[in-house]
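J.: Sharing a structure below in structure tokens format, with a few things to ask.
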Amino acid sequence: MHDPDCIFCKIIEGKIPSRKVYEDDDIFAFHDINPWAPVHFLMIPKKHIPSMAHVTAEDAPLLGRMMTLAPKLAQEQGANPYPEGGFRIVVNTGDEGGQEVHHLHMHVIAGPRPWKKG
């Protein structure tokens with residue numbers, strides 16, 4: 001299921017270019033165009049799910065795969081290994097949750113933390 005007006009669906013279809021990190025039958029990952037840190041990519045399901053608020057029990061295996069794939073891709077993209085290094089996963093949900101593109105996506109961020117003070 002795709003939304004013809006969704007920018008992420010267009011990226012998956014190759015209608016909008018991206019710097020791909022990973023792709024399989026269900027998941028697409030690509031570098032963020034406005035990175036917050038040296039490692040910052042997005043992981044999205046190829047199935048158009050508007051947000052975490054729209055996830056159903058049938059989506060659990062897909063989300064589980066995304067969560068187990070994130071550490072592998074983070075390290076491949078340059079994240080330092082845990083526990084000295086690590087990475088951050090951010091999933092914004094809805095307008096008040098800071099979601100700008102209404103296609104479920106997971107930010108995977110690593111490196112110096114611009115959000116940490118001091």
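Bear in mind these aren't lab numbers, they're just calculated from the coordinates by the rules spelled out. The model shown is predicted, which means the values in this text are computed figures rather than measured ones. Using ideal geometry, Cβ is built from the backbone for each residue, glycine included, and neighbour counts are taken over all protein chains shown.
J.: What Kirkwood hydrodynamic radius, in Å, does the chain give when the mean of 1/r is taken over all pairs of distinct Cα atoms and then inverted?
T.: 14.8
J.: Taking each pair of distinct Cα atoms in the range 8-58 once, what is the resulting Kirkwood hydrodynamic radius in Å?
T.: About 11.9 Å, per the Kirkwood formula over Cα pairs.
J.: Can you tell me the FRET efficiency between residue 34 and residue 58 if r is taken as the Cβ-Cβ distance and R0 is 35 Å, rounded to the nearest 0.05?
T.: 0.60
J.: For the chain, what is the percent of antiparallel DSSP beta bridges, rounded to the nearest 5?
T.: If I count the DSSP bridges inside the chain, around 100 percent turn out antiparallel.
J.: Also: If you average the C-alpha positions of the range 82-108 and of the range 17-50 separately, how far apart do those two centres end up, in angstrom?
T.: Going from one Cα centre to the other spans 11 Å.
J.: Go through 2, 48, 18 and say which Cα lies farthest out towards the positive end of the charge dipole of the chain; charges sit on Cβ, +1 for Lys and Arg, -1 for Asp and Glu.
T.: So the residue furthest toward the plus end is 18.
J.: Around residue 27, which amide H atoms from residues at least 5 apart in sequence, or from another chain, sit under 5 Å from its own amide H, with H modelled in the peptide plane?
T.: For residue 27, the qualifying residues are 46.
J.: Here's a follow-up. Quick one: putting +1 on the C-beta of Lys and Arg, -1 on the C-beta of Asp and Glu, what dipole do you get for the range 7-110 around its Cα centre, in Debye to the nearest 20?
T.: Computed charge dipole of the range 7-110: roughly 220 debye.
J.: With everything on Cα atoms, drop me the angle between helix 60-76 and the longest principal axis of the chain, reported from 0 to 90° to the nearest 10.
T.: Tilt relative to the chain: about 40 degrees.
J.: Write down, largest first, the equivalent ellipsoid semi-axes of the range 25-94 in whole Å, where each equals the square root of 5 times an eigenvalue of the alpha-carbon gyration tensor.
T.: 23, 14, 11
J.: Could you work out the relative contact order of the chain? I mean the mean sequence separation of Cα pairs under 8 Å and 6+ apart, divided by the number of residues, in percent.
T.: Contact order relative to length: 30 percent.
J.: Mind checking which of 75, 98, 27 is farthest towards the positive end of the chain's charge dipole, using Cβ charges of +1 (Lys, Arg) and -1 (Asp, Glu) about the Cα centre?
T.: 75
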